[in-house]
Every structure is written in structure tokens, then in C-alpha cells.
Amino acid sequence: MDSVKGHIVDVVRREIFDGEIVIKDEKIAEVKRCVLPEREKPWPYVMPGFIDGHVHIESSMIVPHKFARIAVSHGTIGVIADPHEIGNVLGVEGVDYMIRSGQEAQFNFLFGAPSCVPAVGGDMETCGRVIDVKDTEALMARDDIGFLGEMMNYVGVLNGDKEVMAKIEAALRNGKPVDGHAPGLTGIQRDQYASAGVTTDHECSTLDEGRSCINAGMKVIIREGSAAKDYQLLSPLIKESPNMVMFCTDDCHPDDFVRGHINLIVRRALADGYDLWDVLHAASVNAQRHYRQKWGLLQEGEPATFITVDNITPHFRVESTWIRGQEVFNYNSCLPSKHSFNDEHILDGDFPNNFVAQPITAADINLDLKTGDTVHVIHASDGSLLTEHDEVLLTGNPLFDSQYPWTEVQKIVVYNRYVPGVKPIVGLVRGFDIKEGAMASSVAHDCHNIVAIGSSDEYIVKAVNRIVEMQGGQVVVTPEEMLDIPLPIAGLMSPVSGHEIAFRTLCIQEKVRQIGCKMKSPFITMAFMCLPVIPDIKITDRHLIDTKKFAPIY
């Protein structure tokens with residue numbers, strides 16, 4: 001029988017008292033109030049662990065059990081994970097892979113069933129697999145699937161699309177929540193979206209949007225990820241509606257993930273003066289209640305899952321993390337044991353993937369531009385997934401004419417990796433400012449075809465063909481060298497540790513900066529240039545798409 005003493009932060013009763021947590025058979029046998037004896041080192045604060053209310057683990061580029069190892073060091077004890085990235089590559093097989101990997105860790109994973117695989121139906125884009133209504137119904141009936149993943153096809157919900165509604169009904173019939181994804185939706189349309197059974201949204205990016213969401217009865221998951229950062233505008237909701245908000249990262253790049261997770265959002269909220277109890281409800285309580293999970297809130301009879309911190313100021317440090325009675329992280333020791341985090345399969349080279357693309361040539365990405373043409377340029381911005389649609393009558397070639405005012409315009413290429421012999425789609429993008437070189441990746445939301453941006457056809461072809469050679473990964477080509485990160489698991493993840501992939505990511509992003517791109521998360525931003533459910537204009541392996549009209553431009 002173990003026990004942990006300290007200042008108990010009881011978030012249910014909203015009080016702090018000195019006491020002892022008695023642990024037996026993975027559960028809290030007793031919470032005893034007691035006088036803490038004096039000692040040289042201050043007693044820690046014992047509090048519920050943090051939960052990421054919406055995350056795609058694949059964006060960390062590491063498999064779930066290695067993700068857990070990093071997460072617990074930041075005080076995260078569980079995540080609400082939507083595996084729709086790997087679902088788009090491998091279908092249900094990919095979902096099962098994530099669940100199996102998660103089972104190797106002493107951690108709380110709640111996996112959902114991806115609702116939109118592909119993100120957009122019809123001929124808009126090509127994914128590796130389809131998860132249809134029949135698949136969704138089977139997934140919803142499983143005990144290891146906890147919710148229906150983000151319903152990105154909000155247009156389908158509003159129009160009562162038969163397949164979309166059948167998926168939602170399958171979730172509701174099995175008593176499982178439905179996650180939302182509806183950027184910009186307010187008023188009557190927001191009410192209609194909510195009334196269909198959708199209960200959360202992590203895409204709110206303005207306070208009015210967030211309030212509209214809550215007024216419709218939906219919870220707002222405040223996102224602070226690597227590319228999309230909404231905390232600053234949405235944080236007043238913590239005070240206004242503390243029981244209706246959660247925190248999430250959505251997509252967190254490995255170099256950011258090793259530095260911090262939900263703990264960073266908690267610190268920021270405390271520094272901004274928000275009430276401790278409101279912040280802890282958003283970080284620890286609301287996700288458990290919404291998704292009907294009993295991961296532990298420091299109550300007798302619950303799982304002995306909690307964290308200890310050195311103080312409860314904005315400068316707190318996580319000292320230890322306990323999950324189901326086992327200490328899986330300690331700041332002062334190298335804890336995770338093989339029992340906690342199984343590394344048995346790290347050298348196993350038989351990774352699941354779906355990759356048949358062949359090398360391309362410069363002729364495959366030729367773009368014939370001439371004076372008098374009207375061109376459509378994707379205008380990307382750092383720190384946002386939204387793009388602007390620049391529609392311009394050409395007075396010169398934007399790629400080569402120095403008198404053209406947008407000399408920073410480059411080609412963006414998306415290349416189908418699932419069907420051999422298909423030519424790439426070529427568009428124009430501004431905002432990446434690559435001076436000489438190219439970057440490419442097989443992480444391209446959500447279908448995860450190959451996407452590349454560069455200053456010349458030669459550089460783009462080199463970058464794309466290296467991705468093909470690796471069967472998935474990320475690469476930067478400079479005038480002097482080529483630097484890459486192989487991602488052999490579905491073209492999305494690596495079998496190496498989180499810290500190693502973070503180091504490689506830092507190296508490759510430094511090379512991106514050297515060729516001119518100053519974005520904080522250039523690869524994530526580039527990946528979202530391909531997602532046609534986020535306004536205003538995106539590019540897939542089949543079309544350049546006006547996402548407001550939901551129609552191809554070409």
C-alpha cells in the first residue's frame with residue numbers, strides 16, 4: 001500500500017487541505033486529513049492531472065505509447081484522441097493500430113471513431129481508405145471507442161446529408177458524444193448544428209463564435225496548438241462559462257510537445273488571473289465528465305491518478321505523475337519502467353503504411369502562366385489555419401517577373417500517394433517566403449498525400465522524390481544539402497522516441513528558416529494548405545478549391 005502526502009487540491013469540493021492519499025489496488029482507498037510534519041523541502045500540492053480535450057496524436061509524429069511518455073512529464077494523465085489522420089491513410093486498420101500502441105502505456109487514452117474519412121466526399125480529394133457508415137456503426141458499438149470524432153462536414157449536417165446523419169445517429173444510439181468542427185458557424189446555423197447532436201467544437205477562433213457555441217449548448221475546447229492558437233481570444237470563456245470549456249492542443253508538433261502540453265495553458269490562464277478552480281475544471285474535470293470517463297479526481301474509490309506540483313502559482317512545476325496507482329513520472333528520477341512504457345517493438349521494421357507513388361519530373365509540375373490570366377493564390381499566415389483567397393489578373397509571371405508586386409509567390413504541389421500514375425496538382429501560394437530551396441511532407445491534412453512548396457521546379461522535384469523514396473516523411477532541400485525525417489508508420493509517425501524526433505524536427509525547421517521561411521511551424525502550416533474544410537482556399541491532390549463555395553476552381 002502506497003501513500004502520498006501533501007496539500008490536497010480537491011477540485012470537486014473546491015478546497016485545499018493538508019492530507020494523505022492512501023493507495024490500494026490502483027485506487028484511492030482513503031483521503032485522510034492530517035497535519036503535515038515539518039521538513040526541509042516544502043510539501044507538494046496533490047491535484048488531478050491534466051487532460052487534452054482534443055488531439056491528433058499523429059501530429060506529434062510519435063506513436064501513442066511514446067506520446068504518453070512525454071505527456072506524463074507535463075502532468076497530462078489522459079487525452080481525447082481522434083485518430084482520423086491515420087484513418088485517412090489506413091482506415092479502421094489505422095484506428096486499431098493506435099489503440100494497440102496506446103495499450104502499451106500506463107496512460108488514459110480515449111480514442112474516437114473518425115467521422116470524416118475522407119474529410120470531403122465526392123471527387124474533391126483522394127485518401128487511402130474510406131470509413132463509411134457501416135464501419136462507423138461497428139466502431140460505435142465497440143467498448144474501446146469512446147466518441148464520434150470531429151464532424152468536419154458541417155455542411156452535410158446542415159443539409160441533412162443521409163450518410164452524415166447516419167454516423168451521428170450511430171454514436172447517439174450507443175450513448176457516445178459527437179465532436180464538432182465548424183469554423184465560423186454562428187446563429188441559427190450553429191443551433192442547427194448543435195441540435196443534430198454535436199456537442200463540442202475546437203474550431204472557435206473568436207469570442208463571439210465561442211459564445212454562440214455555448215449558447216447552443218455545445219462545449220468549447222480552447223485550442224493552443226503549434227499552428228492554431230486561440231487561447232488569447234477565447235480565454236474570457238473560462239470565467240464566463242467554466243463548466244463549458246476544455247483545453248486542447250489539436251495538433252502539437254514534437255519540438256513544442258517536449259517543451260510542454262496542457263500545463264502551459266494552465267500556467268497562462270493562472271498568470272492571466274483566472275480563478276484556480278475554474279482553470280482546473282477546464283483542464284481536468286470537464287473532459288472526464290463530458291466523455292463519461294472516471295480517470296480520477298482525487299476522490300475515494302476512484303483510480304489513483306493524479307499529479308504533484310511544487311506550487312499552485314503560474315510558475316508551478318510538475319514533480320510527479322501517478323496513473324492508476326503507479327508513479328510513471330518523477331522529476332528527480334528516470335522513472336518510466338518497461339512495465340509502464342513498453343519499448344519492445346521499437347526495432348520492428350514491419351510498419352503499417354499505404355504508399356505507391358512514383359518519382360516525378362519537372363514536366364509533371366509545369367504551370368503555364370501568361371499575361372492576362374486570372375490566377376488564384378493561397379495566402380497563408382503564420383499561426384493560423386485560415387487562408388485568404390487572392391484572385392489577381394496577371395500583368396506578369398508571379399514566379400519569375402521581378403516587376404510583379406508579389407515576388408514571394410511560389411508553387412505549391414500536391415501529389416497523390418495512393419494511386420500510381422496520377423499527375424500532381426499545382427497551385428500558387430504566398431506567405432512561406434522560401435528564397436531558394438523547397439520543403440515537402442507526407443503529412444498533409446487530412447488525406448496525407450504529398451505536399452511541397454519551393455522556389456523552383458528543380459528543388460520541388462528533389463523534395464517530392466525524396467518523400468517517395470522514404471515512403472513518407474518530411475524533407476528540406478537547400479542549395480547545399482538535403483535534410484529529412486523518415487516517417488515509416490503510415491507516412492505520419494516515426495518509431496523513435498519523442499525527444500529524438502523533436503531534435504530532428506528542430507534541425508529540419510532550422511533548415512527551413514535558412515531558405516527563407518520564418519513561420520513558427522512551417523510544416524504544420526503547409527499541411528493545412530490541403531484541408532478543404534477550412535476557409536478560404538485550399539489545394540488537394542485533385543483540385544484547387546474555393547472552400548467558401550465548396551467548389552473546385554480547377
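Computing the accessible area with a 1.4 Å probe over protein heavy atoms, can you report the carbon and sulfur percentage for the chain? Heavy-atom surface of the chain belonging to carbon and sulfur, 1.4 Å probe: 49 percent. In straight-distance terms, cross-link reach from Lys239 covers every one of the lysines whose alpha-carbon lies under 22 Å from its own, apart from those fewer than eight places away in the same chain; here that gives Lys219, Lys229. Calculated [222 nm] ellipticity per residue, helices only, for the chain: -7000 deg cm²/dmol; basis is -39500 (n - 2.57) per DSSP H run with n ≥ 4, divided by all residues, nearest 500. Consider a paramagnetic label point 7 Å from the Cα of Asn159 along Cα→Cβ; state which residues of the stretch 517-554 have an amide N under 11 Å from it. Zone members listed by number: 550-551. Using only alpha carbons, the stretch 91-204 has a radius of gyration to Kirkwood radius ratio (Rg to Rh) of 0.97. Check cross-link reach from Lys32 to the lysines: straight Cα distance under 23 Å, and skip same-chain residues fewer than eight apart. Of all the lysines, those that pass the test against Lys32 - Cα under 23 Å, at least 8 places apart if same chain - are Lys5, Lys24, Lys41, Lys294.
The computed semi-axes √(5λ) of the Cα gyration tensor in Å for the structure shown corresponds, within [x] 41, 25, 22; [y] 46, 28, 24; [z] 40, 33, 22, to [x]. Counting only protein heavy atoms and a 1.4 Å probe, the chain has 37 square angstrom of accessible area per residue.
The Cα-based radius of gyration and maximum Cα-Cα distance (Dmax) for the stretch 350-487 are 15.2, 53 Å. Starting from the Cα of Lys548, step 7 Å toward the Cβ, then list every residue of the stretch 511-535 with an amide N under 18 Å from that point. It comes to 531-535, nothing else.
Listed cross-link partners Lys134/Lys423; Lys411/Lys511; Lys423/Lys549; Lys134/Lys549 are compared with a 23 Å cut-off, the Cα-Cα value being larger for Lys134/Lys423; Lys423/Lys549; Lys134/Lys549. Extension gain, Ala362-Lys239: 0.36 nm per intervening residue step, less the Cα-Cα distance, totals 38.8 nm.
Taking every alpha-carbon pair under 8 Å whose residues sit at least 6 apart, the chain reaches a relative contact order of 15 percent.
In this label model, Leu369 and Leu394 are separated by 0.7 nm, measuring between points 7 Å along each Cα→Cβ vector. Of all DSSP bridge pairs formed entirely within the chain, close to 75 percent run antiparallel. For trypsin sites (Lys or Arg not before Pro), the sites in the stretch 477-554 that DSSP calls loop and that have at most 15 other Cβ atoms within 10 Å are Lys518, Lys520, Lys548, Lys549. Based on Cα contacts under 8 Å between residues 6+ apart, the stretch 67-180 shows a relative contact order of 25 percent.
Across the stretch 44-49, computed HN-Hα scalar couplings (Karplus, 6.51 cos²θ - 1.76 cosθ + 1.60, θ = phi - 60°) run x, 8, 9, 8, x, x Hz from first to last residue, x flagging Gly and Pro.
The values are calculated or read from the model by the stated rules, or taken from the named source; none is laboratory data. Please read all numbers here as calculations on a predicted model, not as lab measurements. Quick reminder, even Gly has a Cβ in these numbers, built from the backbone with ideal geometry, and neighbours come from all protein chains shown. For the accessible areas, the whole protein counts, side chains as well, though only heavy atoms, and no ligand, DNA or RNA atoms are used. Shrake-Rupley method; radii C 1.70, N 1.55, O 1.52, S 1.80 Å.
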